[in-house]
Structures are given as C-alpha cells and as structure tokens.
Protein chains: 2
Amino acid sequence: MRGLHLDCGILTLRDDLPEPESRTDWTRVQVAVAGICATDRALARGYLDFRGVPGHEFVGTALDGPLQGRRVVGEINAGCGACGACATGDSRHCAQRTVLGIAGLQGALAERLALPTANLLVVPDAVDDEAATFTEPLAAALHVADDVDLAAHSRALVAGDGKLGLLCAMALQLHGCEVTLAGRHPERAALLRRPPAFARGWLEAVPAERGPADHFDLAVEATGDPTVLARLLPLVRPRGTIVLKTTAEQPAEIDLGPFVVRELRLVGSRCGRFRPALDALAGGLVDARGLVSARYPLGDGVAAFQHAAEPGVLEVLVRCTA
Amino acid sequence: MRGLHLDCGILTLRDDLPEPESRTDWTRVQVAVAGICATDRALARGYLDFRGVPGHEFVGTALDGPLQGRRVVGEINAGCGACGACATGDSRHCAQRTVLGIAGLQGALAERLALPTANLLVVPDAVDDEAATFTEPLAAALHVADDVDLAAHSRALVAGDGKLGLLCAMALQLHGCEVTLAGRHPERAALLRRPPAFARGWLEAVPAERGPADHFDLAVEATGDPTVLARLLPLVRPRGTIVLKTTAEQPAEIDLGPFVVRELRLVGSRCGRFRPALDALAGGLVDARGLVSARYPLGDGVAAFQHAAEPGVLEVLVRCTA
C-alpha cells in the first residue's frame, strides 16, 4: 500500500508498504484524513529513533470487525491487554504498549492502519472528517482537567499558540477558566470562540515584557521549548500548578529552588480520553477547523511535512484515500 | 546579647548583638536549645546572601506577651498580616514575609529572638527541650500529607537518610505508607520505631544497583542533591508523585520528557504546620531524639557548625541559655 515512511530521519513516499496485519480483536481502518503534528515533525528529526509510518491523528472507515463500514477515530495507545494498567482500561500507561505512528505501531499517514477494536470510536455525523482529525489533540488538551482541579485553578496561562496551545486554551475555557494565551501570533486568539487575552513576549529568552508575578493559578506549557518552564515559574502563584503538555527533545537546566520555596506543582500530561473530545466536537463546543493551514493528498505527503515545518503553520492535513 | 552571626559566609560568635525589638503582637523568646540544619549550613556557604543570626529550629521561654513564662516553639514565617495569604492564616506564602534565621529576621542561634505571637505554640510537658527542637523539621516532613493524597500513594521511597529524610520516613509511616529509605547509612533505618526497608546505591551517580522500575507510588527527595531527581523518575510508577522536600543551591539539567510520557507529578513542599508535629511528639508517635549527634553550648557555636558539616552527622544542638 501507499504511505509515508520514516527511516533514520529520512521521510519518503512509498508504494510498497506492507498492509497492516489482520489480528484478533484488532480492526483495520481505511484512513480518510490524517494530520501532521509537532511530534511527527520531531520523529522526522530523529526523535525516539522511530522507523515506519508516522501519523497518529486520523479519521477513517473500519474495514472489518464489529465496526465495519463505520467512520471511526482511534485512541493511539495499544496495550498488552493483560497488565494492571490495561485491566483498568488505561492502556496509555501499559509498559508493553505500542503507540500508533510513534512507537512500534505503523501510523496513520498511509492508506490503511490497524488498531485494537476497543480503541475505536464511531464519529458522529455532526463531526466532519477534518474536525474528526482533531479528536486526538483535543483529547490531550481536555486531559488537563483529569489531572488538575480546574475549579481551584481559574486563572490560566497557556504558553504557546500552536495547535496544542490553542486547543488547550479552548479546553480550559470549556472548564470555566479565565485564559490568557502567550505566544507570538496575537491574531490566533481570534480562532477561539471567546478570544482570550493575549500576551506577547512573555516567553522570549530575553523578555521584552514580563507577565504579572504570582498572577496565574495554572500555566500549561505547550511550546515544546524546554527553556520556557523557567519563565513560567514566577508567573504562577504559590501552590499553583504547571502542566507540561509537550515533550522536549532536549534536557533543560532548571533551578528547582522555586518549586520548593513557592510549593509549585508540575504535572506531566499526555494522551486523553477520546469520548469527551468527540462529544465537544459534536456539540459544537470546540471548533478546531480554523486551525487547518493546508491540505495535501497523500502523494504529496513529503511536501506536506515540509509545509508543516514552516513558521506560522498550524495544522497540515493529508488526505490518505482519494 | 550573645549569638552566632553570619556575614558574607563568615560565621562568628558575638557578644554585642542587638536585642530583638519589642513589637506589638510579637513576643520575645529566651532561646533554650536551637538546632543546626542543612539550610543553616547552606546559608553559611553563602546561600541566599543571608546576614545576621542563623537558626530556625528552637525551643525557648516567652519573655513577654500572653504566653509569658511558657515554654514555646514557633512557626518561622512572619507574614505581613495584611495580604491574602496572611488573611487565610498562611503566612508561609506571604510575599512580604520574613523568615526566622533565613530571610530578614534574626534567628534562633542566639540568646533571644522575637516572633509574631500568633506563630508561637506552647510545648506540652511530655515533649522535652531536645525533642521540641524537632518540631519545625517534623512539621515540614508531615506537610507532605497536606500536598499528596497518601492513601493513593502507599508505596513510598524516601531519598536521603539525613535528618529530614528520616523524619519524612517517620511521617509517611504515621500515614500508613510502606516506606523504603534510600541512602548511605543502613544503620539509620533502626532509628525508626518500625525500621523501613533500606536501599543502598540507588542514588549514586553511577548506581551500583538500581531500584525496581515503576515500583513506588511516591518518592520524596530529601537529599538536597539536584542530580538525584533524575534517578528517581524511573522508580516511580506512571502517574506517581515526586515530592521535592529540599532546596538545592545549584540548578540541575533535567530531561522533562519522562514527566510527560509517564505523567508524573512533581510537588514542591516546604514548611508545615506545627500543631500536628507537636501532637505527634507529645503522643510519642515520633521519637526524634535518636537523631541528635552532638550538643554544644552557644559559646562553642562555631565549632558546632563545623561538627554539623562533618559526614555522617545528623542533628547538632546548641544550648543557647546556660
């Protein structure tokens, strides 16, 4: 089959990729549309030494199994099914897990993929293909509410105005937070139904301006720049929380003193549950379609990756089935 | 009056120190015994540029005010009394606070000190002077329970077998945790009523042995070595918690990736409430007296500091009133 393929950081379009295997309790999916996110671009730079088909944001049609013919999205962590984490339904922390297009499992930037049937959710008619590709990052954004008592963290700063930052801002607004967005693109605040306050320069290495000390109950790091964390510390009130929403490819030098003296909390946050994200999309609570910067056919997938890496680009979508 | 004095990292014994001022709503205290802790030794190395009388672990007798003549210990953060933090009774996070022997307030390693009267607690007869000097560090150790749901974190690792580590291990046992203590002095496990499992070598830069991956729900960093945090990450289960209980004098290079991928939580934890600590000491729930390595009169206070800095020494106490 046709798909994109990564090998030692080299991305190619191939027509000879093996079809995903048919396995008990798994379902094969014909991919309609897949997105290219920052993690995919990091993989293409060599992050995690990934080899194979990248891509984990997708919508498609189930080709077999109980959902055959239905339009589906799918949670990306495929657990072993036997460990304690899997027993509680949370394959996100199965130590043996594979992860779609990220670790040990061929991804979505191809004509077909396979996932455990239990990972798949039928997409409501109210959610079109492009919106459905945002289920995965929106689930990750909404997951902040699983880890932080947002009722006690009403003043929130989102650091980063890329796709994930914007989705986090939307998610926090859904939970009643008063959101300030910090980044480089003030015009992006208008992509939210309720445009948040926008702060420019707070995240720069030599800040042109500084945020108000101790002002925020919560800060969400969504830039992927490991040096930003240190700049968030003084902006968060004592006993406030910083959520790390993005992985950085490099370690950072951090002075842990303020964490202790100001009793801050740092919460790592990764994948979320798809059901609340699909519900939010279906109910029109979140409109992610304004985040699409460009659309490519799978045959131009390498160009799509190049486009996604350009400054100022939000989401690039790839149509995988003609 | 007589007392120890720090100036640009030079510690001297002086007989010409000014008496603490008499202030409305403050009480002067004749210090009976004061302890020398790791923070005091760091101040003596120049940490925080502290000048004045160090010392914040003490017991003494109130010289005036409503507690005159009573034996007291005292919370070390003196708030402004007017801000939001102070209004909720938590001067620990008042932005204008002074801190006894640490920031802007003359400390306990002298004949007399002064603190807000509201900071003082009467010491029950069942707690002798030496045990009472452990109220402050025990309060800090018990404070972990204010910040972490210990019922959901039953398997706990305490990193560091110094005084604070041992008190944290005692405090966690009081809350029902199954504690493993990691350090260099296996014999110290016997200082606890219920000796915990002891792990040697887990915290070394090139570990002779490694702890079991994903085993602990909670790890408490009580070494003060900023490089230890990275070694704790793999020992804590996904979605587990690491409490930073000690400030480090230097920044550390940290790979934040595992925080996100494994959804770990880092919780900074500083000063605790004195009441539960005094209750635990009075009830015989915690016996801290085994932690005393040496006793000095105030006149030998400089030698006491030197002794406290020697390897393998736990608490050094200074009798400030003959």
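The values are calculated or read from the model by the stated rules, or taken from the named source; none is laboratory data. Keep in mind that this is a model prediction, so the values were computed, not measured. Cβ coordinates were reconstructed from backbone atoms using ideal geometry, including for glycine residues, and neighbour counts include every protein chain displayed. We work out accessible area using only protein heavy atoms, side chains counted, and drop any ligands, DNA or RNA first. Shrake-Rupley method; radii C 1.70, N 1.55, O 1.52, S 1.80 Å.
Observations, loosely collected:
- The residues of the range A:146-158 that are open to solvent by 30 Å² or more (accessible area, probe 1.4 Å) and part of a helix (DSSP H, G or I), listed by number, are A:Asp146, A:Ala151, A:Ala152.
- Selection count where residues are open to solvent by 30 Å² or more (accessible area, probe 1.4 Å), outside any loop (DSSP other than H, G, I, E, B) and modelled with pLDDT of 95 or more, scope the range B:12-50: 6
- Looking only at the range B:203-232, and only at residues there that are assigned to a loop (DSSP other than H, G, I, E, B), within 13 Å of chain A (Cβ to nearest Cβ) and touching a Lys or Arg at 6+ places or on another chain (Cβ under 8 Å), the one that is nearest to B:His185 (Cα to Cα): B:Ala222
- Against the test of being in contact (Cβ under 8 Å) with a residue 40 or more places away in the chain, more than 14 Å from A:Ile102 (Cα to Cα) and among the charged types (D, E, K, R), the options A:Arg28, A:Arg41, A:Arg14 yield a single qualifying residue, A:Arg28.
- For B:Ala303: the one exception among (1) among the small types (Gly, Ala, Ser); (2) touching a Phe, Trp or Tyr at 6+ places or on another chain (Cβ under 8 Å); (3) surrounded by 21 or more Cβ atoms within 10 Å (Cβ to Cβ): (3)
- Comparison of B:Asp300, B:Asp214, B:Asp287, B:Asp255 shows that the only residue that is within 18 Å of the chain's Cα centre (by Cα) and acidic (Asp, Glu) is B:Asp287.
- Top-ranked residue in the range A:268-281 [being open to solvent by 40 Å² or more (accessible area, probe 1.4 Å) and away from every other protein chain (no Cβ under 14 Å); ranked as farthest from the chain's Cα centre (by Cα)]: A:Asp279
- Scope the range B:85-103; condition aliphatic (A, V, I, L, M) and either in a strand (DSSP E or B) or open to solvent by less than 40 Å² (accessible area, probe 1.4 Å) (or both); matching residues: B:Ala85, B:Val99, B:Leu100, B:Ile102, B:Ala103
- Filtered residues of the range A:104-130 (kept if among the β-branched types (Val, Ile, Thr) and crowded, with 20+ Cβ neighbours inside 10 Å): A:Val123, A:Val127
- Cβ pairs under 8 Å, 6+ apart, first in the range B:233-262 and facing chain A (nearest Cβ under 7 Å) and at positive phi, second at pLDDT 90 or above and part of a loop (DSSP other than H, G, I, E, B): B:Arg239/B:Arg262; B:Arg239/B:Glu263; B:Arg239/B:Leu264
- Any chance A:Leu4 is part of a strand (DSSP E or B) and either surrounded by 15 or more Cβ atoms within 10 Å (Cβ to Cβ) or not assigned by TED's automatic domain parsing to the domain that holds A:Thr247 (or both): yes
- Check on B:Pro276, in the same structural domain as B:Val122 (by TED's automatic domain parsing) and free of Cβ contacts under 8 Å to residues at least 60 places away in the same chain: no
- Among (1) within 9 Å of chain B (Cβ to nearest Cβ); (2) open to solvent by less than 50 Å² (accessible area, probe 1.4 Å); (3) over 15 Å from the mean Cα position of the chain (by Cα), the one test that A:Arg265 misses: (2)
- Selection status of A:Ala288, modelled with pLDDT under 95, in contact with a Pro (Cβ under 9 Å, 6 or more places away or on another chain), at negative phi and away from chain B (no Cβ under 11 Å): yes
- The set of residues in the range A:169-182 that are in contact (Cβ under 8 Å) with a residue 40 or more places away in the chain and open to solvent by 10 Å² or more (accessible area, probe 1.4 Å) comprises A:Met170, A:Leu174.
- Flag for A:Gly35 being more than 22 Å from A:Arg275 (Cβ to Cβ) and of a type in the set (Gly, Ala, Ser): no
- Number of positions in the range B:306-320 that are part of a loop (DSSP other than H, G, I, E, B) and either touching a residue at least 12 places away in the same chain (Cβ under 8 Å) or not assigned by TED's automatic domain parsing to the domain that holds B:Val59 (or both): 5
- Selection of the range B:163-198 for residues being of a type in the set (D, E, K, R) and over 18 Å from the mean Cα position of the chain (by Cα) yields B:Glu178, B:Arg184, B:Glu187, B:Arg193, B:Arg194.
- Here A:Val53 does not qualify as surrounded by 23 or more Cβ atoms within 10 Å (Cβ to Cβ), in contact with a Ser or Thr (Cβ under 7 Å, 6 or more places away or on another chain), of a type in the set (Val, Ile, Thr) and at pLDDT 95 or above.
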